[in-house]
Structure formats: structure tokens, C-alpha cells
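The values are calculated or read from the model by the stated rules, or taken from the named source; none is laboratory data. Treat the numbers as computed from the prediction; the structure is a model and nothing was measured. Cβ sites come from the backbone with ideal geometry, for glycine too, and all protein chains shown count toward neighbours.
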Amino acid sequence: MQKIKKFKISLAPASVRKNFKVLAGIERLTPEEEDRLSREYENSRSWLSPAAVFETFRSDRWPAFLTVSMEPLRPVAASVLVATIGPQVEEQIGREASPSVPHAIMLAALAEEGAESAADFVSRLITEEAKKEDCELTVREELTDPAKIELALKGLCAERIGVTLKAPGVLSPRFTRVASLLWIPRMTKKRRLLLPEAQPLADKPA
């Protein structure tokens, strides 16, 4: 199991704006909102405190919180991660009169992108590990089942980075990601691309 803290993440401005529009229920930002969001973007460095734990499990040792289909790609391992940006921004949002005021929504938009960026950072580290084993990773999949999230947090000792459950399926800190990625041997993908599914590999000539 690996634990990392205070690693550098970058927030994508376009994603932050998209988050804000979705959370605020609007189609476009006003010039004033653009300016304020830019200022909050700069201020985000003061409360971003990324941390993560992650571990890779072999296919003969799947943990109870992973449900893995072996077909059609036959994964040889799976990595599970817990990534967070810390509680500071959540505390700032809590000091607002309402979570629906523009400032609170801007902070939430930035924090959502921060959590995604933290998970992306860990995913890239795992990708490099997988390459050494001649494997590729599937798209990161969020764990959504409350029981499995609880087991994952316990299995990865997520309390070491301050991540716990407030209630079933409710993470604390709020802006946290729990996800898995499967390791697929590169030859498996090549065979699926080159051969019809029912056609076996041809025998080599004697």
C-alpha cells in the first residue's frame, strides 16, 4: 500500500467553469462571475491539500469490495485508490450563509475539479507501474456501493489521510474519490483486435 501527500495538482479552468455552470444551473457566466471565479482559482492554492492511498491486488487475491468480470479482457490485477483534497474548502463552504450562494458554488466547483485532479494524479502513477508489467489500465471507475466504499476505506487504511465515512456512502472530506482500475495485459488487447472472437490462435508450424 502506498500513501502520498501534498503532491502537486493542476485544476483545468474549463472544467471548473463547467462545474460552476452545472452546480449553479446556468448556461453561461457573467463577466463578474468570470472575474470572481478567476480570483478563487488563484486562492485555491491556500486550501488544496491533496493526499491519497492506493494499492494493487493480483487477480487471485481480489478484495471483498471489488467486483471484477474476468471476461472478455482477463485482468491480471486491479488497483484501488482513495484520493482527497482535504477538509479546508469544505469548512469554507460551511461558513457561507447557504451552499447555494455564488461563492459557495464557486468553491464547490473548484473542489470537485481538485478531487478529480488528485485522482488523475494517482491514476498516472499507477499507469507507470502497469507499463513496467506490460499492462494497460481500464478507465477509472468510481466505487458507488456504500458497503464497498466502507470496505475499501478500511482495506486501504484511508484514515491515514483523514478520509472516513460520515454516514453510509457519505465521505468525509466531501471532496474525495474512491475508485478502481483494472490491469489488462497488452497482448490480450492485441489479440482481441486482430482475431475474431471465436477464432483461436493459429498453431506455429513445426
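Tabulated values for the structure
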read-out: Top-ranked residue of segment 141-187 - restricted to ones that are assigned to a loop (DSSP other than H, G, I, E, B) and small (Gly, Ala, Ser), ranked as modelled with the lowest pLDDT; value: 169
read-out: Odd one out for residue 104 among (1) among the aliphatic types (A, V, I, L, M); (2) modelled with pLDDT under 95; (3) within 18 Å of residue 183 (Cβ to Cβ); (4) in a helix (DSSP H, G or I); value: (3)
read-out: Whichever residue in segment 45-82 is β-branched (Val, Ile, Thr) and either outside any strand (DSSP E or B) or surrounded by fewer than 16 Cβ atoms within 10 Å (Cβ to Cβ) (or both) and, among such residues, is farthest from the chain's Cα centre (by Cα); value: 76
